[in-house]
Amino acid sequence: MCIFCKMAKGEITPKTVLEDDEVLAFHDISPQAPVHVLVIPKRHVESLAAAEPADQALLGKLLWTAREVAQKLGLDAGYRTVLNSGAEAGQSVFHLHLHVLGGRAMAWPPG
Ligand code: 5GP
Ligand code: ZN
């Protein structure tokens, strides 16, 4: 079972921000900004590229959860969402996750 599935099933306990029956949001172990939260579906989906038409509502839920995380953590000045799909994009955990980054100014483009 992948590490994010273990979190979804409660076998590993992350620093949880939000949770419901479909999604889990928790603090990244190696934060790249003062706030760095990952939002995952509890069901294993490997990547955005591997998602299927039936996953469309779940994909929307991830984005909505990112918005809730930002509100809960007071990211009123702004925040960035990032979704790496595939090795070349930098995906290192092959369980779909949306990064929520905030708490500092961030350059665009990211390089
Ligand atoms: P990716 O590079 O796949 O887009 O992002 C994976 C993210 O998962 C990285 O930011 C990494 O720090 C985070 N991560 C990897 N393993 C763990 C873990 O065991 N716990 C937490 N909280 N984050 C993790
Ligand atoms: Zn998984």
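Could you tell me how many of the residues in region 1-50 are under 26 Å from GLY78 (Cα atoms), open to solvent by less than 50 Å² (accessible area, probe 1.4 Å) and either in contact (Cβ under 8 Å) with a residue 60 or more places away in the chain or out of contact with any Gly (no Cβ under 9 Å at 6 or more places or on another chain) (or both)? Selection size over region 1-50: 16.
Filtering region 68-81 to residues that are open to solvent by 40 Å² or more (accessible area, probe 1.4 Å) and of a type in the set (A, V, I, L, M, F, W, C) leaves LEU73, ALA77. Is it the case, given these coordinates, that ALA54 is within 16 Å of ligand 2 (Cβ to nearest atom), closer than 23 Å to LYS9 by Cβ and aliphatic (A, V, I, L, M)? Taking the combined requirement at face value, the residue does not satisfy it.
Apart from one condition, ALA89 fits all of (1) free of Cβ contacts under 8 Å to residues at least 60 places away in the same chain; (2) more than 21 Å from CYS2 (Cα to Cα); (3) open to solvent by 20 Å² or more (accessible area, probe 1.4 Å); the exception is (2). For residues that are closer than 15 Å to ALA49 by Cβ and outside any loop (DSSP other than H, G, I, E, B), scanning just region 85-108, find the one that is farthest from ligand 2 (Cβ to nearest atom). This residue is GLU88.
Would you be able to tell me the number of residues in region 92-109 that are within 8 Å of ligand 1 (Cβ to nearest atom) and open to solvent by 20 Å² or more (accessible area, probe 1.4 Å)? So the answer is 4.
The values are calculated or read from the model by the stated rules, or taken from the named source; none is laboratory data. Predicted model only: the values in this text are computed from it and were never measured. As a convention, Cβ positions derive from the backbone with ideal geometry for all residues, glycine included, and neighbour counts pool all protein chains shown. These area figures cover heavy atoms from the full protein model, side chains too; ligands, DNA and RNA do not enter into them. Shrake-Rupley method; radii C 1.70, N 1.55, O 1.52, S 1.80 Å.
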